[in-house]
Amino acid sequence: MSKTATTARHPIEDIPRERFPKHIAVIMDGNGRWAQRQGLPRIEGHRRGVHSVRATVEECARLKIDQLTLYCLSSENWKRPQHELDFLMHLLEQYMIEERATIMKQNVRVKIIGRRDGIPDQVQREMDKTIELSAANTGTTLCLAINYGGRAEMVDAVRCIAEGVKAGRLQAEDITEETIAEHLYTSGMPDPDLMIRTAGEMRISNFLLWQVSYSELWVTDLCWPEFREETLRDAIENFASRDRRFGGLTNQGPSGVDACSSGD
Ligand code: IPE
Ligand code: IPE
Ligand code: MG
(Lines give C-alpha, C1' and ligand atoms only; values in the text may rest on other atoms or scores of the structure.)
(Ligands and ions follow the chains in the order given, each with its own letter.)
Protein backbone atom coordinates (compact mmCIF):
# COMPACT_ATOMS: atom_id res chain seq x y z
CA MET A 1 0.00 0.00 0.00
CA SER A 2 1.38 3.46 -0.85
CA LYS A 3 2.29 5.93 1.89
CA THR A 4 -0.39 8.37 0.66
CA ALA A 5 -3.07 5.72 1.03
CA THR A 6 -2.08 4.85 4.63
CA THR A 7 -1.87 8.47 5.83
CA ALA A 8 -5.03 9.73 4.05
CA ARG A 9 -7.70 11.12 6.38
CA HIS A 10 -10.83 8.98 6.52
CA PRO A 11 -14.21 10.12 7.78
CA ILE A 12 -15.01 8.54 11.14
CA GLU A 13 -17.81 6.45 9.61
CA ASP A 14 -15.18 4.54 7.57
CA ILE A 15 -13.17 3.48 10.63
CA PRO A 16 -13.79 -0.17 11.50
CA ARG A 17 -15.36 -0.62 14.92
CA GLU A 18 -12.36 -2.52 16.32
CA ARG A 19 -10.11 0.52 15.67
CA PHE A 20 -12.28 2.72 17.93
CA PRO A 21 -11.11 3.44 21.49
CA LYS A 22 -13.33 1.71 24.02
CA HIS A 23 -12.40 4.09 26.82
CA ILE A 24 -11.53 7.77 26.30
CA ALA A 25 -10.19 9.89 29.16
CA VAL A 26 -9.98 13.68 28.92
CA ILE A 27 -7.93 16.25 30.83
CA MET A 28 -10.22 19.22 30.27
CA ASP A 29 -7.75 22.08 30.53
CA GLY A 30 -7.56 25.75 29.53
CA ASN A 31 -10.89 27.11 30.79
CA GLY A 32 -9.19 30.03 32.56
CA ARG A 33 -6.92 30.88 29.63
CA TRP A 34 -9.85 30.79 27.20
CA ALA A 35 -11.85 33.19 29.39
CA GLN A 36 -8.93 35.56 29.91
CA ARG A 37 -8.37 35.72 26.14
CA GLN A 38 -11.99 36.86 25.76
CA GLY A 39 -11.49 39.47 28.49
CA LEU A 40 -13.77 37.47 30.82
CA PRO A 41 -13.21 36.25 34.39
CA ARG A 42 -11.77 32.71 34.67
CA ILE A 43 -15.06 31.29 35.96
CA GLU A 44 -16.74 32.10 32.64
CA GLY A 45 -14.36 29.59 31.09
CA HIS A 46 -15.65 26.93 33.46
CA ARG A 47 -19.24 27.87 32.60
CA ARG A 48 -18.50 27.55 28.87
CA GLY A 49 -16.64 24.31 29.51
CA VAL A 50 -19.95 22.68 30.47
CA HIS A 51 -21.11 23.11 26.83
CA SER A 52 -18.08 21.09 25.74
CA VAL A 53 -18.88 18.42 28.33
CA ARG A 54 -22.41 18.16 26.93
CA ALA A 55 -21.21 17.92 23.33
CA THR A 56 -18.58 15.30 24.22
CA VAL A 57 -20.94 13.10 26.24
CA GLU A 58 -23.54 13.28 23.48
CA GLU A 59 -21.02 12.32 20.79
CA CYS A 60 -19.60 9.44 22.85
CA ALA A 61 -23.13 8.13 23.42
CA ARG A 62 -23.87 8.46 19.69
CA LEU A 63 -20.64 6.67 18.75
CA LYS A 64 -21.31 3.97 21.38
CA ILE A 65 -18.00 4.54 23.18
CA ASP A 66 -17.99 2.24 26.25
CA GLN A 67 -16.53 4.76 28.68
CA LEU A 68 -15.69 8.46 28.86
CA THR A 69 -13.72 9.63 31.90
CA LEU A 70 -13.53 13.39 32.47
CA TYR A 71 -11.03 15.05 34.81
CA CYS A 72 -13.24 17.64 36.52
CA LEU A 73 -11.28 18.54 39.67
CA SER A 74 -7.86 17.35 40.77
CA SER A 75 -6.74 16.83 44.35
CA GLU A 76 -4.31 19.70 43.71
CA ASN A 77 -6.99 22.13 42.45
CA TRP A 78 -7.96 22.95 46.07
CA LYS A 79 -5.01 25.40 45.97
CA ARG A 80 -7.17 27.71 43.84
CA PRO A 81 -9.01 30.81 45.15
CA GLN A 82 -12.11 29.97 47.22
CA HIS A 83 -14.50 31.84 44.88
CA GLU A 84 -13.31 29.73 41.91
CA LEU A 85 -13.76 26.51 43.91
CA ASP A 86 -17.22 27.63 45.05
CA PHE A 87 -18.17 28.28 41.44
CA LEU A 88 -16.89 24.86 40.35
CA MET A 89 -19.00 23.20 43.08
CA HIS A 90 -22.03 25.21 41.95
CA LEU A 91 -21.48 24.12 38.33
CA LEU A 92 -21.14 20.50 39.38
CA GLU A 93 -24.39 20.59 41.34
CA GLN A 94 -26.18 22.35 38.48
CA TYR A 95 -24.84 19.83 35.95
CA MET A 96 -26.06 16.90 38.07
CA ILE A 97 -29.56 18.38 38.29
CA GLU A 98 -29.96 19.84 34.80
CA GLU A 99 -28.39 16.97 32.83
CA ARG A 100 -30.22 14.17 34.64
CA ALA A 101 -33.04 13.87 32.11
CA THR A 102 -30.65 14.01 29.13
CA ILE A 103 -28.35 11.44 30.74
CA MET A 104 -31.31 9.09 31.13
CA LYS A 105 -32.45 9.71 27.54
CA GLN A 106 -28.92 8.95 26.29
CA ASN A 107 -28.81 5.72 28.35
CA VAL A 108 -25.60 7.01 30.00
CA ARG A 109 -24.45 5.55 33.32
CA VAL A 110 -22.73 8.01 35.65
CA LYS A 111 -19.90 7.03 38.00
CA ILE A 112 -17.64 9.19 40.15
CA ILE A 113 -14.02 8.57 41.14
CA GLY A 114 -12.03 10.56 43.71
CA ARG A 115 -12.20 11.36 47.39
CA ARG A 116 -15.44 12.76 48.75
CA ASP A 117 -13.85 15.07 51.35
CA GLY A 118 -14.24 18.75 50.60
CA ILE A 119 -17.26 18.25 48.31
CA PRO A 120 -20.25 20.06 49.89
CA ASP A 121 -23.05 17.77 51.12
CA GLN A 122 -25.70 19.12 48.76
CA VAL A 123 -23.39 18.54 45.77
CA GLN A 124 -22.73 14.97 46.96
CA ARG A 125 -26.47 14.41 47.32
CA GLU A 126 -27.11 15.45 43.70
CA MET A 127 -24.17 13.34 42.52
CA ASP A 128 -25.57 10.30 44.34
CA LYS A 129 -29.06 10.86 42.92
CA THR A 130 -27.69 10.83 39.35
CA ILE A 131 -25.46 7.81 40.04
CA GLU A 132 -28.38 5.83 41.49
CA LEU A 133 -30.88 6.85 38.84
CA SER A 134 -28.54 5.98 35.97
CA ALA A 135 -27.03 2.80 37.52
CA ALA A 136 -29.00 0.39 35.31
CA ASN A 137 -28.32 2.27 32.06
CA THR A 138 -26.44 0.20 29.49
CA GLY A 139 -24.88 2.80 27.18
CA THR A 140 -21.73 4.86 27.65
CA THR A 141 -20.32 5.03 31.18
CA LEU A 142 -19.58 8.64 32.09
CA CYS A 143 -16.97 8.56 34.83
CA LEU A 144 -16.35 11.93 36.48
CA ALA A 145 -13.03 12.36 38.31
CA ILE A 146 -13.79 14.81 41.12
CA ASN A 147 -11.22 15.60 43.82
CA TYR A 148 -9.21 12.92 42.06
CA GLY A 149 -5.45 12.40 42.31
CA GLY A 150 -3.59 9.42 40.90
CA ARG A 151 -1.18 9.36 43.84
CA ALA A 152 -4.00 9.67 46.42
CA GLU A 153 -5.74 6.78 44.64
CA MET A 154 -2.60 4.65 45.01
CA VAL A 155 -2.26 5.60 48.70
CA ASP A 156 -5.88 4.54 49.30
CA ALA A 157 -5.29 1.26 47.43
CA VAL A 158 -2.07 0.47 49.34
CA ARG A 159 -3.79 1.21 52.68
CA CYS A 160 -6.64 -1.14 51.81
CA ILE A 161 -4.28 -3.90 50.63
CA ALA A 162 -2.12 -3.49 53.78
CA GLU A 163 -5.26 -3.83 55.93
CA GLY A 164 -6.04 -7.08 54.12
CA VAL A 165 -2.55 -8.42 54.81
CA LYS A 166 -2.75 -7.34 58.45
CA ALA A 167 -6.11 -9.09 58.87
CA GLY A 168 -4.73 -12.24 57.23
CA ARG A 169 -7.13 -12.08 54.24
CA LEU A 170 -4.21 -11.69 51.85
CA GLN A 171 -0.58 -12.86 51.71
CA ALA A 172 2.02 -10.27 50.61
CA GLU A 173 3.45 -12.69 48.05
CA ASP A 174 0.00 -13.09 46.46
CA ILE A 175 -0.21 -9.38 45.55
CA THR A 176 -0.28 -9.02 41.76
CA GLU A 177 -0.98 -6.21 39.28
CA GLU A 178 -4.61 -7.39 39.33
CA THR A 179 -4.75 -6.99 43.14
CA ILE A 180 -3.61 -3.38 42.79
CA ALA A 181 -6.01 -2.64 39.90
CA GLU A 182 -8.91 -4.11 41.91
CA HIS A 183 -8.18 -1.74 44.80
CA LEU A 184 -8.08 1.44 42.70
CA TYR A 185 -11.16 3.68 42.40
CA THR A 186 -11.40 2.42 38.81
CA SER A 187 -11.79 -1.23 39.84
CA GLY A 188 -13.77 -3.06 37.16
CA MET A 189 -13.26 -0.34 34.55
CA PRO A 190 -11.05 -0.82 31.48
CA ASP A 191 -7.85 1.25 31.20
CA PRO A 192 -8.19 4.26 28.90
CA ASP A 193 -7.20 3.52 25.30
CA LEU A 194 -7.02 7.19 24.40
CA MET A 195 -6.13 10.09 26.67
CA ILE A 196 -6.93 13.56 25.35
CA ARG A 197 -5.57 16.80 26.83
CA THR A 198 -6.68 20.25 25.74
CA ALA A 199 -4.83 23.60 25.92
CA GLY A 200 -1.51 22.22 24.68
CA GLU A 201 0.11 21.14 27.95
CA MET A 202 2.23 17.98 27.57
CA ARG A 203 1.67 16.53 31.04
CA ILE A 204 -0.53 14.08 32.90
CA SER A 205 -1.17 16.26 36.01
CA ASN A 206 -1.72 13.30 38.36
CA PHE A 207 -4.50 11.77 36.25
CA LEU A 208 -4.97 7.97 36.16
CA LEU A 209 -1.26 7.32 36.74
CA TRP A 210 -1.61 3.53 36.95
CA GLN A 211 -4.24 3.16 34.25
CA VAL A 212 -2.53 5.32 31.62
CA SER A 213 0.48 3.01 31.20
CA TYR A 214 -0.40 2.06 27.60
CA SER A 215 -2.91 4.79 26.69
CA GLU A 216 -2.39 6.68 23.46
CA LEU A 217 -1.98 10.39 24.15
CA TRP A 218 -3.50 13.10 21.96
CA VAL A 219 -3.01 16.78 22.77
CA THR A 220 -4.79 19.71 21.12
CA ASP A 221 -3.95 23.40 21.46
CA LEU A 222 -7.67 24.17 21.64
CA CYS A 223 -8.86 25.17 25.11
CA TRP A 224 -11.60 23.03 26.67
CA PRO A 225 -14.44 25.55 25.99
CA GLU A 226 -13.51 25.31 22.27
CA PHE A 227 -13.66 21.49 22.23
CA ARG A 228 -16.53 20.14 20.14
CA GLU A 229 -17.65 16.84 18.64
CA GLU A 230 -15.41 17.49 15.57
CA THR A 231 -12.40 17.71 17.89
CA LEU A 232 -13.35 14.39 19.46
CA ARG A 233 -13.73 12.84 16.01
CA ASP A 234 -10.26 14.16 15.04
CA ALA A 235 -8.79 12.51 18.14
CA ILE A 236 -10.57 9.21 17.40
CA GLU A 237 -9.45 9.27 13.75
CA ASN A 238 -5.88 9.86 14.88
CA PHE A 239 -6.14 7.08 17.47
CA ALA A 240 -7.39 4.64 14.82
CA SER A 241 -4.18 5.18 12.83
CA ARG A 242 -1.86 4.38 15.76
CA ASP A 243 0.17 1.22 15.99
CA ARG A 244 -0.27 -0.06 19.57
CA ARG A 245 2.44 -2.52 20.41
CA PHE A 246 2.17 -2.90 24.22
CA GLY A 247 5.87 -3.68 24.31
CA GLY A 248 5.62 -6.29 21.57
CA LEU A 249 6.14 -5.96 17.84
CA THR A 250 3.84 -4.81 15.04
CA ASN A 251 1.83 -7.67 13.52
CA GLN A 252 2.73 -9.94 16.40
CA GLY A 253 0.02 -12.47 17.15
CA PRO A 254 -1.25 -12.95 20.72
CA SER A 255 1.02 -15.99 21.17
CA GLY A 256 4.09 -13.80 20.60
CA VAL A 257 4.63 -15.29 17.12
CA ASP A 258 5.03 -12.76 14.31
CA ALA A 259 1.80 -13.25 12.35
CA CYS A 260 3.46 -11.96 9.15
CA SER A 261 6.65 -13.99 9.29
CA SER A 262 7.06 -17.19 7.28
CA GLY A 263 8.38 -18.89 10.39
CA ASP A 264 12.01 -19.14 9.30
C1 IPE B 1 -9.39 23.31 33.61
O2 IPE B 1 -9.14 24.61 33.26
C3 IPE B 1 -10.49 23.17 34.65
C4 IPE B 1 -10.03 22.79 35.98
C5 IPE B 1 -8.81 22.48 36.31
C6 IPE B 1 -11.03 22.75 37.03
P7 IPE B 1 -8.19 25.54 34.11
O8 IPE B 1 -9.00 26.23 35.15
O9 IPE B 1 -7.02 24.79 34.61
O10 IPE B 1 -7.72 26.60 33.03
P11 IPE B 1 -6.25 27.14 32.79
O12 IPE B 1 -5.37 25.95 32.58
O13 IPE B 1 -5.87 27.91 34.02
O14 IPE B 1 -6.35 27.98 31.58
C1 IPE C 1 -5.61 19.32 35.34
O2 IPE C 1 -5.53 20.66 35.00
C3 IPE C 1 -6.81 19.09 36.23
C4 IPE C 1 -8.11 19.14 35.56
C5 IPE C 1 -8.31 19.30 34.29
C6 IPE C 1 -9.24 18.96 36.42
P7 IPE C 1 -4.65 21.68 35.86
O8 IPE C 1 -4.83 23.02 35.22
O9 IPE C 1 -4.97 21.58 37.30
O10 IPE C 1 -3.19 21.12 35.61
P11 IPE C 1 -1.77 21.85 35.74
O12 IPE C 1 -1.77 22.58 37.04
O13 IPE C 1 -1.66 22.77 34.56
O14 IPE C 1 -0.79 20.74 35.66
MG1 MG D 1 -5.19 24.35 33.85
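The values are calculated or read from the model by the stated rules, or taken from the named source; none is laboratory data. Everything numeric here is computed off the predicted structure, so don't read it as measured data. Quick reminder, even Gly has a Cβ in these numbers, built from the backbone with ideal geometry, and neighbours come from all protein chains shown.
Of all the residues in segment 198-215, those that are surrounded by 14 or more Cβ atoms within 10 Å (Cβ to Cβ) and near ligand 2 (Cβ under 10 Å from one of its atoms) number 6. For first residues located in segment 90-115 and farther than 25 Å from G150 by Cα and in contact (Cβ under 8 Å) with a residue 12 or more places away in the chain, partners that are crowded, with 18+ Cβ neighbours inside 10 Å and of a type in the set (S, T, Y) and lie 6+ apart or on another chain with Cβ distances below 7 Å form the pairs R100/T130; I103/T130; I103/S134; M104/S134.
The set of residues in segment 19-54 being touching a Phe, Trp or Tyr at 6+ places or on another chain (Cβ under 9 Å), of a type in the set (A, V, I, L, M, F, W, C) and either modelled with pLDDT under 95 or within 16 Å of ligand 1 (Cβ to nearest atom) (or both) consists of A25, V26, I27, M28, W34, L40, I43, V50, V53. Put simply, of V57, V108 the only residue that is under 16 Å from E226 (Cα atoms) and surrounded by 14 or more Cβ atoms within 10 Å (Cβ to Cβ) is V57.
Restricting segment 8-57 to residues that are among the basic types (K, R) and part of a loop (DSSP other than H, G, I, E, B), the residue that is farthest from N238 (Cα to Cα) is K22. Checking each residue in segment 124-155 for being surrounded by 15 or more Cβ atoms within 10 Å (Cβ to Cβ), over 16 Å from L184 (Cβ atoms) and of a type in the set (D, E) picks out only E126.
For segment 95-116, the criterion of a residue being within 13 Å of ligand 2 (Cβ to nearest atom) and of a type outside the set (A, V, I, L, M, F, W, C) is satisfied by at least one position.
Hey, any hits in segment 69-76 for a residue that's surrounded by fewer than 18 Cβ atoms within 10 Å (Cβ to Cβ), within 23 Å of A152 (Cβ to Cβ) and either away from ligand 2 (no atom under 12 Å from the Cβ) or touching a residue at least 24 places away in the same chain (Cβ under 8 Å) (or both)? Yes, the conditions are met somewhere in segment 69-76.
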